Amino acid sequence: MAENTRPQLAVIIASTRTGRFGPTVAEWFTDRARRRGDLDVELIDLAKARLPQTLRDHDELVPARVRRLGTRLAAADAFVIVTPEYNGSFPAPLKTAIDWFYEEWHAKPVGFVAYGRESGGLPAVAQLRQIFAELHAVTIQSAITLPCYWDLFTADGGWPKATAACNTNVKTTLDQLVWWARALMRARADNPYVA
């Protein structure tokens, strides 16, 4: 791996609900990631991926939509999951998207941007950490949480306010993500990961 190779970051919008807030958060995060200049960033919207809810057996043909998303995930060197907290957890379409794939997640870092009520999505992040550990992914310690995210709108409708903590937390999250992405890219190049 060349030292100047930029990691490919896939930012995944987990919510597929009508009127969802996820795209607003994802656009803010991807803008901040792209400003750094040390990542290539791709936005993946699960609402547009429209994955089938019923998983196939291993010997059955994989649907084209799943294959297309699998190619994008396999090309990524790191992931950031933008997720709301619904009823103390994360959205079902995200679990479906995670479960369609296996090797695509291996030996890659996963970061989180979560939003919700007072908890800011922390219960969803805690559960996702357990799931990604099973998939041999590395979850980074720093997560961006947005408690009562609706309070972060400016008077003219912009988001987030300049004083919002997420504006400073994003640097730490991206620093850790880039460090892990580069380290794991080198490790995978030197010795392919075996689960």
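Read-outs throughout are calculated quantities, based only on the coordinates presented, and are distinct from any laboratory measurement. Since this is a predicted model, take the numbers as computed values, not measurements. Cβ: placed from backbone, ideal geometry, glycine included. Neighbour counts: every protein chain shown.
Given their separation in residues at 0.36 nm each and the Cα-Cα distance between them, ALA133 and ARG117 gain 3.2 nm when the chain is fully extended. Mean-square fluctuation check for the chain, GNM, Cα pairs under 10 Å: which of LEU135, LEU122, LEU177 is largest? The residue that fluctuates most here is LEU135. Taking a ≥ b ≥ c as the square roots of the eigenvalues of the alpha carbon gyration tensor, segment 80-122 is oblate, as a/c is not under 1.5 and a/b does not beat b/c.
If you model the chain as an ellipsoid using its alpha carbon gyration tensor, with each semi-axis the square root of five times an eigenvalue, the axes come out at 26, 21, 15 Å, biggest first. Summarising the amide proton neighbourhood of ASP45: residues at separation of 5 or more, or on other chains, whose placed amide H is nearer than 5 Å comprise ILE13. Listing THR173, THR24, THR139 from fewest to most neighbouring C-beta atoms within 10 Å gives THR24, THR139, THR173.
Between ALA92 and ARG20, the distance separating the two model label sites (each 7 Å from Cα on the Cα→Cβ line) works out to 1.4 nm. Counted residue by residue at 0.36 nm each, then reduced by the alpha carbon distance between them, the extension gain from ASP151 to HIS58 reaches 28.9 nm. For the pair segment 92-120 and segment 146-195, the centres of their Cα atoms are 14 angstrom apart.
When you filter the chymotrypsin sites (Phe, Trp or Tyr not before Pro) in segment 124-195 for DSSP loop state and at most 12 other Cβ atoms inside 10 Å of their Cβ, you are left with TYR193. In nm, to one decimal, how far is the modelled label at ARG68 from the one at THR163, with both set 7 Å along Cα→Cβ? For ARG68 paired with THR163, the spin-label model returns 4.5 nm. Over the chain, DSSP H runs of length four or greater, each weighted -39,500 (n - 2.57), average out per residue to a 222 nm ellipticity of -12500 deg cm²/dmol.
Ordered by the number of other Cβ atoms lying within 10 Å of each residue's own Cβ, fewest first, HIS136, HIS58 fall into the sequence HIS58, HIS136.
Ordered by the count of other Cβ atoms within 10 Å of each Cβ, fewest first, THR18, THR172 give THR18, THR172. Restricting the trypsin sites (Lys or Arg not before Pro) of segment 120-195 to loop positions (DSSP other than H, G, I, E, B) with no more than 15 neighbouring Cβ atoms within 10 Å leaves LYS161. Label reach from ALA187 (point 7 Å along Cα→C-beta): in segment 90-115, amide nitrogens under 15 Å belong to 105-111.
Taking every DSSP beta bridge that has both ends in the chain, the antiparallel portion is near 5%.
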